[in-house]
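This report refers to the structure that appears directly beneath it.
The values are calculated or read from the model by the stated rules, or taken from the named source; none is laboratory data. Treat the numbers as computed from the prediction; the structure is a model and nothing was measured. We place every Cβ from the backbone using ideal geometry, glycine too, and count neighbours over all the protein chains shown.
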Amino acid sequence: MKKRFLYAGMLIASVWFVGCNDESVVHETEHEEHEVHFSYDGETGPDYWGSLKEEWRTCDNGREYTAVIEGAPHQSPVDFETAVPADPTFTLDYNKSIAFKMENNGHSVQFNVEEGSPKAYITINSKAYELKQFHFHSVSEHTELEVHAAMEGHFVNVAEDGSIAVVGLFIDNVADTGNEALESAFGLEIPEEGEENPTPITINPLDMLPGGKVYSYSGSLTTPPCTEGVAWNIYTKHIGLTEEKVEAFQEHYDHNFRPLTGTY
Ligand SMILES: [Zn+2]
């Protein structure tokens, strides 16, 4: 099976090569490339991500449920079954007022740091990763003893060399008052798919986080291209978001989570 995909990949590559001087072919190829989508269901769902596109083949590593071996590459998300150690070198410099714009990218609701905003960082092993965006999944992607939280927040940070570190956040559905900063982010109306809410919102990202211990492990992006070597740090303490905001999110995305790829 794998070989067949490889041949298909080679064929596409050669068409691209032969067609380099022919503008119509180039356009057609670009168009086809653009048409590749992933979803959370059916033939473009998680089981098939690795075969939808050559660059997404790493996603196939997540089809087999395996234990995390410390230091070895693994896919995400995983179930936290044991006392997962926190990386002692993990520090956070998020205490800044940052302007974000909310975008509905078709896979999630994502808040992108506005250009010109103060920069927030996390540091792992003396390497700085700059906060670029945060977004959400429902239900949570990671689990504790295979129990999902209502939602999960991902704060995506990128180092100068392109390596990625994600700060994760378990979010519970609460009846009363949730986390104030998170409530304000979800106070904005979720735009239509592919659209951005034109009004930026200023948030101190530190206010969204519960503090305390994190689960640290080396995993992957939970969406294609499923890049490995992502440094995950997920807070063990949950925060809350009020019921109606969780429901409003779920009206757009009721199951934008990748199934578990293993256990820690
Ligand atoms: Zn995510």
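Key figures
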read-out: Set Ala165, Ala86, Ala149, Ala72: member being among the small types (Gly, Ala, Ser) and in a strand (DSSP E or B); value: Ala165
read-out: Subset of region 139-150 (residues that are more than 11 Å from the ligand (Cβ to nearest atom) and within 26 Å of Ser39 (Cβ to Cβ)); value: Val139, Thr143, Glu146, Val147, His148, Ala149, Ala150
read-out: Check on Ala181, touching a helix residue (DSSP H, G or I) at 6+ places or on another chain (Cβ under 6 Å), modelled with pLDDT of 95 or more and closer than 26 Å to Thr44 by Cβ; value: no
read-out: Region 68-90 - residue that is of a type in the set (D, E, K, R) and under 18 Å from Val167 (Cα atoms) and, of those, surrounded by the fewest Cβ atoms within 10 Å (Cβ to Cβ); value: Asp87
read-out: Sole exception among (1) within 19 Å of Asp93 (Cα to Cα); (2) within 20 Å of the chain's Cα centre (by Cα); (3) not basic (Lys, Arg) for Thr202, by number; value: (2)
read-out: Selected residue [touching a Phe, Trp or Tyr at 6+ places or on another chain (Cβ under 7 Å), away from the ligand (no atom under 15 Å from the Cβ) and under 15 Å from Ala231 (Cβ atoms)] from Glu130, Glu160; value: Glu130
read-out: The listed residue being modelled with pLDDT of 95 or more, closer than 24 Å to Ala159 by Cα and surrounded by 19 or more Cβ atoms within 10 Å (Cβ to Cβ), out of Thr223, Thr202, Thr261; value: Thr223
read-out: Any hit, region 233-248, residues being within 15 Å of the chain's Cα centre (by Cα), farther than 26 Å from Thr44 by Cα and at pLDDT 95 or above; value: yes
read-out: Single unsatisfied condition, Gly153 versus (1) within 16 Å of the ligand (Cβ to nearest atom); (2) in contact with a helix residue (DSSP H, G or I) (Cβ under 6 Å, 6 or more places away or on another chain); value: (2)
read-out: Per-region count, region 78-127, residues more than 16 Å from the ligand (Cβ to nearest atom) and among the polar types (S, T, N, Q); value: 9
